[in-house]
Amino acid sequence: MNESSNARDIIGQYHTGKPVIGCFPLYPPVELFTSLELFPVVLWNLKSSIGDLALADRHVQSYACATARELVQFVISEAGRLLDGIYSYNACDTLRNTPEILSQACKEADRQIPMLRMHIPQVNRQFSNPEDYLKNDIRLLIKETEAAFGVSFSPSAFRKSTEQYALLRKHYNEADELVSKGKIPFNAFCETVLSNYFRDIKDQIKTVEELLKIAQHKRDSFGKPVMISGIMPPPSEIIHAIESAGMTVVANDIASMKRSYDCDPGISDDPVTYYNSYFSEHFPCTTLLYQADHRMERFLRLVDESGAKGVVFSGEKFCEHEYFEFPILEKKLKEMGVATLFLEFGIDDYNNLDAYKTRVGAFSEILQE
């Protein structure tokens, strides 16, 4: 994705002296880790932070998604020595089994690194009650984190942390609105959100506030309205092609963006209450299987409310979660009179994007103003 989001450089620049805990997949309990005086970084968008996949290819199949292969390469390479611990929870089959790979690889490299895990119940909350299970898992995670890093949980510190992340999400949604009006380029917004994965919370807030300040003095600039969906945004060159072709990104349904910041668990001093709310009311995502029954409705409502005339799907090659629902979404969108463009990106596709740019230009031509 955006080439300037180099995790090694940003983590090194913003390192606060606190233990760095690398987290995956996309929705880790960063508020909890921050309140425990740890520095959580989300191990996503790592393409520009690795030289090759030589080490990862010893452990992960070539038909796994780029996200998993790049994550493994980053952690077990020299760059991974920035990390003092790793946290993960269950998502797709590939990432669910990645902790064992990382643990074994670190042992082989004589690296002793705490591996914290949590299980998110993937059951429909209308027909089951996973709250007690999740409550116990959260409490166990707190105890394991305290033991691994010699820290102590504080309700007041957790409350302060939830306040900070609530402010960050508020700013993200404000920026999202300005993107839909053409005041902020979608490329710039993507770069801010994704690079913030590697920053301390105070610097995250500062970075997005700077983006909002720049937009205050710009006029609305509106083109053909489109929405972008996927696990990751398209490569920055493709986003630039979308905007250069006269399209405005009026909404996004991207897991590493909208699905990450468009939720409001409130402010709390109790992690059990907070994370039960966070996961039960989270913006529907294909990686949270228990939300499958609600995702279609939420997706189509976002398209309708945004006024998008087209939807660009940015497909992560080998990501079965996204691919299972695409044919159904495409059919529903066609019934709504909304055009669709499916772009699939694998590890080797970033070196030659001209064909994608041609398809983007053709897609813009079929959209009505």
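Which members of segment 244-272 meet the condition of being among the acidic types (Asp, Glu) and either closer than 21 Å to Asn196 by Cβ or modelled with pLDDT under 95 (or both)?
Passing the criteria: Asp253, Asp262, Asp264.
Select, from Ser152, Ser156, the only residue that is open to solvent by 60 Å² or more (accessible area, probe 1.4 Å) and not in a helix (DSSP H, G or I).
Values: Ser156 fails: not in a helix (DSSP H, G or I).
From the options Ser152, Ser156, the qualifying one is Ser152.
Does any residue in segment 31-42 that is on the phi > 0 side of the Ramachandran plot come within less than 9 Å, Cβ to Cβ, of a residue that is not in a helix (DSSP H, G or I) six or more places away or on a different chain, and which pairs are these?
Glu37/Lys18; Glu37/Pro19; Glu37/Val151
List every residue pair whose Cβ atoms sit under 7 Å apart, with the two residues 6 or more apart in sequence or on different chains, where the first one lies in segment 173-196 and is closer than 17 Å to Gly307 by Cβ and of a type outside the set (Ser, Thr, Tyr) and the second, anywhere, is open to solvent by 40 Å² or more (accessible area, probe 1.4 Å) and assigned to a helix (DSSP H, G or I).
Phe186/Glu243
Taking the residues in segment 316-344 that are modelled with pLDDT of 90 or more and either of a type in the set (Ser, Thr, Tyr) or within 19 Å of the chain's Cα centre (by Cα) (or both) as candidates, determine which candidate is nearest to Ala66 (Cα to Cα).
Of everything passing the filter in segment 316-344, Glu344 is nearest to Ala66 (Cα to Cα).
Under 6 Å between Cβ atoms, which residue pairs at least 6 apart in sequence (or on different chains) link something in segment 85-108 that is of a type in the set (Phe, Trp, Tyr) with a partner that is assigned to a loop (DSSP other than H, G, I, E, B)?
Tyr87/Pro28; Tyr89/Ile120
Which condition number does Ile214 fail, the rest of (1) at pLDDT 95 or above; (2) open to solvent by 30 Å² or more (accessible area, probe 1.4 Å); (3) of a type in the set (A, V, I, L, M, F, W, C) being met?
Among (1) at pLDDT 95 or above; (2) open to solvent by 30 Å² or more (accessible area, probe 1.4 Å); (3) of a type in the set (A, V, I, L, M, F, W, C), Ile214 violates only (1).
Filter the helices (runs of 4 or more DSSP H) completely within segment 271-356 down to those with at least 3 residues that are over 18 Å from Pro25 (Cα atoms), in contact (Cβ under 8 Å) with a residue 40 or more places away in the chain and open to solvent by 10 Å² or more (accessible area, probe 1.4 Å).
Details: elements: 271-280, 292-306, 320-335.
In segment 271-356, 292-306 are the helices (runs of 4 or more DSSP H) which contain 3 or more residues that are over 18 Å from Pro25 (Cα atoms), in contact (Cβ under 8 Å) with a residue 40 or more places away in the chain and open to solvent by 10 Å² or more (accessible area, probe 1.4 Å).
What's the number of the only condition in (1) out of contact with any helix residue (DSSP H, G or I) (no Cβ under 6 Å at 6 or more places or on another chain); (2) at negative phi that Gly230 fails to meet?
(2)
If you scan segment 1-60, which residues turn out to be among the basic types (Lys, Arg) and at pLDDT below 90?
Within segment 1-60, Arg8, Lys47 qualify.
Do we find that Asp84 is touching a Pro at 6+ places or on another chain (Cβ under 9 Å), among the acidic types (Asp, Glu) and either surrounded by fewer than 16 Cβ atoms within 10 Å (Cβ to Cβ) or at pLDDT 90 or above (or both) in this structure?
In short, yes.
Table: residues versus (1) of a type in the set (A, V, I, L, M); (2) more than 24 Å from Ser48 (Cβ to Cβ); (3) in a helix (DSSP H, G or I).
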| site | (1), (2), (3) |
| --- | --- |
| Gly182 | no, yes, no |
| Thr192 | no, no, yes |
| Ser195 | no, no, yes |
| Arg199 | no, no, no |
| Ile214 | yes, no, yes |
| Met227 | yes, yes, no |
| Ile238 | yes, no, yes |
| Thr248 | no, yes, no |
| Ala251 | yes, yes, no |
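Of these, Val249, Val208, which one is in contact (Cβ under 8 Å) with a residue 24 or more places away in the chain, in contact with a His (Cβ under 6 Å, 6 or more places away or on another chain) and buried (at least 19 other Cβ atoms within 10 Å of the Cβ)?
When all the criteria are applied, what remains is Val208.
Can you tell me which residue is nearest to the chain's Cα centre (by Cα) among those in segment 44-60 that are under 15 Å from Arg8 (Cα atoms) and open to solvent by 10 Å² or more (accessible area, probe 1.4 Å)?
Here is the first cut: in segment 44-60, the residues under 15 Å from Arg8 (Cα atoms) are 44-52.
Going one step further and asking which of them are open to solvent by 10 Å² or more (accessible area, probe 1.4 Å), we end up with 44-45, 47-48, 50-52.
Working: Trp44: 7, Asn45: 8, Lys47: 14, Ser48: 16, Ile50: 19, Gly51: 22, Asp52: 22 Å.
Out of the qualifying residues, it is Trp44.
Could you tell me which numbered condition Ala147 fails, if it satisfies all but one of (1) under 18 Å from Phe39 (Cα atoms); (2) touching a Phe, Trp or Tyr at 6+ places or on another chain (Cβ under 9 Å); (3) part of a helix (DSSP H, G or I)?
All conditions are met except number (2).
Out of curiosity, is Val123 β-branched (Val, Ile, Thr) and more than 22 Å from Val30 (Cβ to Cβ)? Steps first, please.
Details: β-branched (Val, Ile, Thr): yes; more than 22 Å from Val30 (Cβ to Cβ): yes.
Criteria met by Val123.
How many of the residues making up segment 53-79 are of a type in the set (Gly, Ala, Ser) and touching a residue at least 40 places away in the same chain (Cβ under 8 Å)?
So the count comes out to 3.
The values are calculated or read from the model by the stated rules, or taken from the named source; none is laboratory data. The structure presented is a predicted model; accordingly, all values stated were derived computationally and were not measured. Counting neighbours? That spans all protein chains shown, and the Cβs are built from the backbone with ideal geometry, glycine included. Surface areas here come from the heavy atoms of the whole protein model, side chains and all, with no ligands, DNA or RNA. Shrake-Rupley method; radii C 1.70, N 1.55, O 1.52, S 1.80 Å.
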